[in-house]
Amino acid sequence: MSESQETLSNLLQETRRFPPPAELAESANVTAAAYEEAAADRLGFWAAQAERLSWSRPWDEVLDWSNPPFAKWFVGGELNVAYNCVDRHVEAGLGAKVAYHWEGEPGDSRTLTYADLKREVSKAANALLELGVRKGDRVAIYLPMIPELPISMLACARIGATHSVVFGGFSADALRTRIDDAQARVVITADGGFRRGKPSSLKPTVDQAVADAPSVEHVLVVRRTGEDVAETERDVWWEDLVERQSDQHTPEPVDAEHPLYILYTSGTTGKPKGILHTSGGYLTQTAYTHWAVFDLKPERDVYWCSADIGWVTGHSYIVYGPLANGATSVIYEGTPDTPNRGRWWDVIQKYKVTIFYTAPTAIRTCMKWGADIPARYDLSSLRILGSVGEPINPEAYVWYRETIGASRTPVVDTWWQTETGSIMISPLPGVTAGKPGAAMRPLPGIVADVVDDQGRSVPNGGGGFLVVKEPWPSMLRTIWGDDERYVKTYWSRFDGMYFAGDGAKKDDDGDLWLLGRVDDVMLVSGHNISTTEVESALVSHPKVAEAAVVGATDPVTGQAIVAFVIPRGEAGEEVEGEAFLKELRDHVARTLGPIAKPRQILIVAELPKTRSGKIMRRLLRDVAENRSIGDVSTLADSTVMDLISAKLPEAKSDD
Ligand code: ATP
Ligand code: MG
């Protein structure tokens with residue numbers, strides 16, 4: 001095997017274990033038996049999960065995989081997604097149950113029961129019909145985190161329209177390309193939302209975007225901030241149109257494979273892809289995983305996922321999964337540091353949140369701010385913590401468990417993607433003895449593996465490419481309008497396997513650890529080294545809050561490791577000095593071995609992140625290799641790159 005074909009090195013050793021709390025294990029929704037049951041009869045297992053939903057016509061066949069990679073799940077079945085998320089709970093006598101506690105950034109709040117939600121969604125569905133939207137049409141949604149966002153999504157689902165939610169932080173250009181790609185007939189937006197204590201406008205961006213988007217016939221505008229907005233002929237106010245509609249509407253059953261939504265990936269690696277999700281399989285797996293991974297007890301849990309609904313995490317785990325399960329959720333409009341850095345913990349205390357689901361980037365930010373902030377709040381209601389979006393470094397995992405979870409709560413590190421629609425690899429909180437930093441095992445019913453470059457399963461202790469070997473219900477069906485790109489992007493690297501783009505390793509017990517994108521892997525003196533392991537080693541130093549590493553061309557070693565490090569708030573002045581940089585390099589060498597020692601470390605104040613909070617290493621690689629910076633259109637804050645580039649000439653290396 002040539003050097004470049006070597007699978008990923010396995011450097012990080014982690015021995016801490018956190019078994020499930022006894023009382024959680026005793027009453028857990030899922031026990032270890034589920035793995036065997038699903039392995040013995042995978043399709044039977046998923047058919048049983050589909051029975052969680054209410055079908056207006058039963059399916060004839062669980063899976064049609066006769067034309068791979070184009071899957072059909074629950075063939076011939078019919079259902080309505082909004083009916084399953086709303087009406088059936090009201091019919092079951094749960095109309096008075098809270099679906100959403102909504103918390104506005106300025107401190108205003110709204111409570112929506114399932115009965116309220118049914119009325120609001122019905123009115124919005126009738127409004128869309130009045131605007132001429134029909135089954136199969138596309139509707140773009142560009143809203144802040146206000147109740148009208150899930151209401152609009154469910155209204156689309158109710159009439160069989162396909163929604164395309166575009167994150168409210170995107171530019172007019174990004175919005176227009178997404179509207180165009182989907183040929184949306186209607187755009188739903190707001191005057192603006194509140195962010196960092198101020199109104200932040202959205203409507204002007206929409207005006208710019210639709211000015212040359214000929215598919216758009218109407219723009220439906222929610223009043224949120226009350227700021228003045230320019231009006232055009234296409235505009236209609238939510239308060240005028242939706243409020244006068246009847247709150248009665250009969251949901252339209254659709255085929256299990258009817259398109260529910262299009263969602264663009266977050267664009268960490270390049271140009272976003274319009275991922276298509278359909279109805280029956282998607283809702284089955286989001287409902288099952290939300291119930292299983294968070295051990296959801298809908299009668300008593302208060303669940304909060306802090307993601308933006310504009311990302312897949314919000315689609316699956318704020319809207320569809322929790323509502324299908326009849327859960328009570330929290331939605332928060334704003335940023336974690338408004339009016340102060342305790343806002344999230346205040347929300348948890350206020351609503352007595354029991355399950356909290358967030359991203360490693362947020363956890364590391366809270367670490368940087370200091371443990372004394374959450375210590376001021378009563379977080380004793382929490383019983384399960386979740387993480388998604390990036391590999392969680394062991395240090396961040398342990399901090400999360402100890403500081404937020406009072407050392408009691410299991411942490412579930414959930415691996416999945418926009419493309420997978422739902423969680424695929426994760427501990428089960430009542431079953432798994434968690435390892436900090438490991439996503440552990442594929443969920444029951446999911447067949448995932450780590451393979452070498454020939455597609456052969458790697459042995460325990462080895463690293464390689466993460467693949468999914470059997471279709472799963474919430475899998476993407478295609479890239480919108482581009483079947484060829486779908487096949488090429490996901491199904492051409494390994495025969496008959498879905499390749500996710502991520503690297504992973506199996507430890508000696510066969511448990512899975514995510515190692516970051518394979519595109520980011522560094523080839524140093526013939527060893528493939530994952531960015532995740534070096535970053536984790538850096539973050540395990542007590543003075544480091546965040547780190548990103550990339551491989552830069554090096555005349556001696558092929559590639560050399562360049563690290564960008566954000567020190568913790570309490571680290572003090574010395575972090576700029578040469579002694580500190582040496583200390584960090586030695587720390588990495590001690591933790592992972594000399595091969596992983598960074599050639600260069602740059603101390604920075606921020607890292608370039610996508611708007612979903614993921615580190616964009618490709619831009620750092622441009623800096624490290626002195627190239628001009630690539631596409632920054634999905635970057636959250638474009639000034640960050642200037643600050644980092646300015647740092648480069650002063651960076652020094654020892655040895
Ligand atoms: P694009 O595909 O456009 O570059 P993206 O991959 O960032 O964007 P998402 O679908 O939001 O868009 O992110 C999925 C990716 O996030 C995964 O492929 C993986 O790299 C990373 N990820 C998500 N959860 C985890 C996790 N628990 N551990 C490790 N990595 C994770
Ligand atoms: Mg991706």
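The values are calculated or read from the model by the stated rules, or taken from the named source; none is laboratory data. Keep in mind the model is a prediction, meaning the values are calculated, not measured. Cβ placement follows ideal geometry from the backbone for every residue including glycine, while neighbour counts extend to all protein chains displayed.
Mind counting the residues in the stretch 422-438 that are more than 16 Å from ligand 2 (Cβ to nearest atom) and either under 25 Å from ILE348 (Cα atoms) or without any contact (Cβ under 8 Å) to a residue 40 or more places away in the chain (or both)?
Kept after step one, since they are more than 16 Å from ligand 2 (Cβ to nearest atom), are these residues of the stretch 422-438: 426-438.
Checking which are either under 25 Å from ILE348 (Cα atoms) or without any contact (Cβ under 8 Å) to a residue 40 or more places away in the chain (or both) leaves us with 426-430, 434, 436-437.
Here the count works out to 8.
Look at (1) crowded, with 18+ Cβ neighbours inside 10 Å; (2) free of Cβ contacts under 8 Å to residues at least 24 places away in the same chain and you find that THR250 fails only one, number (1).
Within the stretch 262-288, residues that are more than 6 Å from ligand 1 (Cβ to nearest atom) reach partners that are acidic (Asp, Glu) and modelled with pLDDT of 95 or more with beta carbons closer than 6 Å, at six or more positions or on different chains, in the pairs ILE275/GLU419; THR278/GLU257. Within the stretch 157-171, if we keep just the residues that are in contact (Cβ under 8 Å) with a residue 60 or more places away in the chain and more than 19 Å from the chain's Cα centre (by Cα), the residue that is farthest from LEU129 (Cα to Cα) turns out to be SER171. Residues in the stretch 15-74 that are exposed (fewer than 12 other Cβ atoms within 10 Å of the Cβ) and acidic (Asp, Glu): GLU23, GLU26, GLU36, GLU51, ASP60.
Quick check on the stretch 252-275. Is at least one of its residues in contact with a Ser or Thr (Cβ under 7 Å, 6 or more places away or on another chain), within 16 Å of ligand 2 (Cβ to nearest atom) and of a type in the set (D, E, K, R)? Yes - at least one qualifying residue is present in the stretch 252-275. Within the option set GLU299, GLU239, GLU257, being assigned by TED's automatic domain parsing to the domain that holds LYS135, among the acidic types (Asp, Glu) and more than 15 Å from ligand 1 (Cβ to nearest atom) holds for one residue only, GLU239. Being surrounded by fewer than 22 Cβ atoms within 10 Å (Cβ to Cβ) and either away from ligand 1 (no atom under 15 Å from the Cβ) or at pLDDT 95 or above (or both) is true of GLU402.
Every test in (1) away from ligand 2 (no atom under 16 Å from the Cβ); (2) surrounded by fewer than 22 Cβ atoms within 10 Å (Cβ to Cβ); (3) assigned to a loop (DSSP other than H, G, I, E, B); (4) touching a residue at least 24 places away in the same chain (Cβ under 8 Å) is passed by GLN349 save one, and that test is (3).
Residues that are under 14 Å from GLU231 (Cα atoms) and without any contact (Cβ under 8 Å) to a residue 12 or more places away in the chain within the stretch 172-216 comprise just one, ALA211. The residues in the stretch 453-467 that are over 25 Å from VAL431 (Cα atoms), surrounded by fewer than 19 Cβ atoms within 10 Å (Cβ to Cβ) and not polar (S, T, N, Q) can be counted, and the count is 3. Scanning the stretch 217-247 for residues that are part of a loop (DSSP other than H, G, I, E, B), more than 18 Å from PRO150 (Cβ to Cβ) and touching a residue at least 60 places away in the same chain (Cβ under 8 Å) returns GLU217, SER246.
Please work out if ARG408 is within 21 Å of TRP491 (Cβ to Cβ), surrounded by fewer than 24 Cβ atoms within 10 Å (Cβ to Cβ), away from ligand 2 (no atom under 16 Å from the Cβ) and not aliphatic (A, V, I, L, M). Write out each step before concluding.
Numbers: within 21 Å of TRP491 (Cβ to Cβ): no; surrounded by fewer than 24 Cβ atoms within 10 Å (Cβ to Cβ): yes; away from ligand 2 (no atom under 16 Å from the Cβ): yes; not aliphatic (A, V, I, L, M): yes.
For ARG408, the condition - within 21 Å of TRP491 (Cβ to Cβ), surrounded by fewer than 24 Cβ atoms within 10 Å (Cβ to Cβ), away from ligand 2 (no atom under 16 Å from the Cβ) and not aliphatic (A, V, I, L, M) - is not met.
Contact annotation: residue pairs with Cβ atoms under 6 Å, 6 or more positions apart or on different chains, pairing a residue in the stretch 489-514 that is away from ligand 1 (no atom under 13 Å from the Cβ) with a partner that is not in a strand (DSSP E or B) and not aliphatic (A, V, I, L, M), are TRP491/PRO69; PHE494/GLY455; MET497/LYS469; LYS506/ASN460; ASP508/ASN460; ASP508/GLY461; GLY510/ASN460. Only one entry of GLU419, GLU390, GLU395 meets the criterion of being under 20 Å from VAL565 (Cα atoms), in contact (Cβ under 8 Å) with a residue 12 or more places away in the chain, outside any helix (DSSP H, G or I) and not small (Gly, Ala, Ser), and that entry is GLU390.
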